[in-house]
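Below is one structure, written out as structure tokens; the observations come after it.
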């Protein structure tokens, strides 16, 4: 009973105190044991977990994107190089509030909706510690603004990156293609590990076709970085392997000559060296500045390109499928000679029109509306080619029949993709009865054979196919898959050889005779080209109808709306005795072949005589 | 005098039989001083690394220690009787300044904790950590122990008034620490177990209402964060995840002095203040933790020993309370950094950077030394 004890009792107090001290020490020891066991479990039992976590904090695996291979023309002129550009990226893991940070960044540098969209999409796929690009091509001022505010923007990084640049963007737009930012679909298709740290990929053309060798191999480095994402030192480094440098057969002089000769007309020029199969020029006008696409084209620029009536994004040289018109006549002539149906001396009567037996319809020759009569009472092969006589080839086509015509024309590369090393090539159409049955579920009509004989009707060919056919003609049957790629890292690359077209030498000579006469003959359809020419050229003109013309109507160029005018075509090779260049040209709505043939002269002059011409 | 010397526990006390040792004359408790010096040295070593090899921070801390040791030695010279006599006046002064803080205080982050007098800022609540146990011990020392019910109630009032004033600043950590220092006096005075169990039951029962009515949102958040730091990895959970990572990755061996990546690379926040134990654990491993805990334990045991050997109940109660309060610092800080307790602003005693707590703690050790060397005069 404590109440009864009124006096202080030092001994009892001391005893009580000692007892309490013992209890206090017991509690202290117990709690220290709890603390110590906690440290023991963190530092011994779970050591590996925290060790790993601390390493993951500290060490970051950074991809080192490879340098994309450069692209040169045959003269060593740089067509595609890499230039430094600054990118604003965000490391999600280091950002406390992503929305806040994005809002702050938007206040510092302009960030478009498209940028944000792209960023959000990429964010899904990248690891939290990887930098996700938000804005490309920072200007000097933007970089400065970001640098000043860096301290309050943890997780925000500005990195330098090499960006594709096309010094001759528009000149080579369709020949080279371009790279662009990797989009969602591509991201799923590409090997993610190869493209870590790479934001661009070849979208079309050579850039896409040779993507795997242009890209190179990604490297890695282990870096030590602090909590703010600043890299303090590199611990380990595996260097990237740069992409290979490509040299193309393309010749900037010819390319430029062709573009200048086409001017503001829509058209295409393809030039091939028949000896190698190398593509010397691949032009489609209008072109566009490929640099626009490298970092995401603005929607205004893009809709302007997409909605233009001139369809500048359309690669006419390999995607444009046109009726080849009379440019098929030399190949038809070879077919006649090789089949034995005609000899160089065989002639047909030419009243200016042709009739199928038992059919009243007149198949008119183009000369009829000019002279009111045929080319001559009787026309043989040389004149038929030189003056582009339709009646001769109507007759030949009828006798050859469509299916044999198909078989004789196929080795020239019609009706299937040439396999040129670029993207989006179209196959054209080389009609046959089987083709019509399969494609249209219809029977073949005899009249259609006649149209096919002069390259009209169902037949369609790309300028690339025409150039390949001309090249086969020029090399007397040597067939090669056309190639843009000439050398890889300086090592020459040969064009794949195809089974050659075997034909009698004298037959080649006969057709060459006709093609020579087109340019150099008195009455050749391209005789204007011969003026001042310093070499011999074989050529063939062609006209492709854009709209059908009624049986007895007369085509009057002046009266037809510009877009309904005939396409002008021309194929040529030179020098005649040992051809080193074969060209095919189309000028859309050029009215006739005279729009196309002067371009061939300029292109071939440039190739054979140099820029001086 | 001779009387006293014969009671000395030292083996060598026979040699000193003729006159008191220098340590005695200057009221220095040698074992305690040695332990404190070792702890100070160890702490400065860790601080150099934790502050990112900032010699300036070490020198600043060293200056605090110089001041603190001076205060400790001065404090040890003051007789216990004088402390006892001062206690009620200091208490009144302390409560007065706490009230003044309410009206004229300055503060930061929404809390009014400082008084500014002539450009000199000080935190009255810090002084109360010593004054409250002094006052409670003074009150009980004059009464028979264990204290009767009314005296317990009066003591609780002595503790409750300043604690409540500090709680509304708001500064929950300090309020709890001050309440604890006062309650430790009662505990050491030998209050009946029914009070203690009653208080524990009351605390448990009031946990739920306290959660609803007393705790502020940020305080609740801290408790939730402790329970599940992963729930807010980059926000409130960041500190605790990083400190646990730092501690765990140290292993038994530690990464080596100045080699702790968590602190060196800024992953560990507050690495030189409240979270400095994580740096120590990371760089010196469990071995280093063991050394630190051992030092603390030896200091605590010395404190308890001083209490047991004290001749007056005032000295006993003060020694017990000061020792237990010191332990609370150690326990709360090491517990919170390791994710055992919610994060409250309690430094690791004598290691964390910061002058205020060092000065208060060393002043407390000064009183302990006064207790350990003054029993002769009390026993007269």
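The values are calculated or read from the model by the stated rules, or taken from the named source; none is laboratory data. Just so it is clear, the structure is predicted and the values come from calculations on it, not from any experiment. Note that we place each Cβ from the backbone using ideal geometry, even for glycine, and neighbour counts take in every protein chain shown.
List of remarks:
- The lone criterion from (1) surrounded by 24 or more Cβ atoms within 10 Å (Cβ to Cβ); (2) assigned to a loop (DSSP other than H, G, I, E, B) left unmet by residue A:373 is number (1).
- All positions within region B:234-266 that are surrounded by 24 or more Cβ atoms within 10 Å (Cβ to Cβ) and assigned to a loop (DSSP other than H, G, I, E, B): B:260
- If you go through region B:244-283 and pick out every residue that is within 11 Å of chain A (Cβ to nearest Cβ), farther than 14 Å from residue A:46 by Cα, in contact with a helix residue (DSSP H, G or I) (Cβ under 7 Å, 6 or more places away or on another chain) and touching a residue at least 60 places away in the same chain (Cβ under 8 Å), you end up with 5.
- Selected residue (only one of A:538, A:477, A:490 is surrounded by 24 or more Cβ atoms within 10 Å (Cβ to Cβ) and either in contact (Cβ under 8 Å) with a residue 24 or more places away in the chain or not assigned by TED's automatic domain parsing to the domain that holds residue A:282 (or both)): A:538
- The set of residues in region A:559-613 being free of Cβ contacts under 8 Å to residues at least 40 places away in the same chain, over 20 Å from residue A:370 (Cα atoms) and touching a helix residue (DSSP H, G or I) at 6+ places or on another chain (Cβ under 7 Å) consists of A:574, A:613.
- Any hit, region A:565-578, residues being modelled with pLDDT under 95, crowded, with 24+ Cβ neighbours inside 10 Å and more than 26 Å from residue A:250 (Cα to Cα): yes
- Condition met for residue B:291 (within 11 Å of another protein chain (Cβ to nearest Cβ) and surrounded by fewer than 20 Cβ atoms within 10 Å (Cβ to Cβ)): no
- Screening the candidates A:257, A:175, A:227 for the property of being buried (at least 17 other Cβ atoms within 10 Å of the Cβ), more than 19 Å from residue A:119 (Cα to Cα), within 14 Å of another protein chain (Cβ to nearest Cβ) and touching a helix residue (DSSP H, G or I) at 6+ places or on another chain (Cβ under 9 Å) yields one hit, A:227.
- The set of residues in region B:333-353 that are assigned to a helix (DSSP H, G or I) and more than 10 Å from every other protein chain (Cβ to nearest Cβ) contains only B:336.
- Of all residues in region A:324-356, those satisfying the criterion of being assigned to a helix (DSSP H, G or I) and in contact with a strand residue (DSSP E or B) (Cβ under 7 Å, 6 or more places away or on another chain) are A:325, A:326, A:327, A:329, A:330.
- Looking only at residues in region A:145-154 that are outside any loop (DSSP other than H, G, I, E, B) and surrounded by 12 or more Cβ atoms within 10 Å (Cβ to Cβ), the one that is modelled with the lowest pLDDT is A:150.
- Total residues in region B:17-61, condition farther than 29 Å from residue B:374 by Cα and in a helix (DSSP H, G or I): 16
- Residue within region A:15-28 that is at pLDDT 85 or above, assigned to a loop (DSSP other than H, G, I, E, B) and within 11 Å of chain B (Cβ to nearest Cβ) present: no
- Residue B:293 being assigned to a helix (DSSP H, G or I) and within 30 Å of residue A:155 (Cβ to Cβ): no
- Scoring residue A:4 on the criteria (1) within 11 Å of chain B (Cβ to nearest Cβ); (2) buried (at least 16 other Cβ atoms within 10 Å of the Cβ); (3) modelled with pLDDT under 85 leaves a single failure, condition (2).
- Breaking point among (1) surrounded by fewer than 23 Cβ atoms within 10 Å (Cβ to Cβ); (2) under 28 Å from residue A:277 (Cα atoms); (3) without any contact (Cβ under 8 Å) to a residue 60 or more places away in the chain, for residue A:439: (2)
- Unique residue being at pLDDT below 95 and in a helix (DSSP H, G or I) when the list is A:439, A:443: A:439
To keep it simple, each residue is scored yes or no on (1) more than 28 Å from the chain's Cα centre (by Cα); (2) at pLDDT 95 or above.
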position: B:2; (1), (2): yes, no
position: B:9; (1), (2): no, no
position: B:12; (1), (2): yes, no
position: B:24; (1), (2): no, no
position: B:34; (1), (2): no, yes
position: B:37; (1), (2): no, yes
position: B:42; (1), (2): no, yes
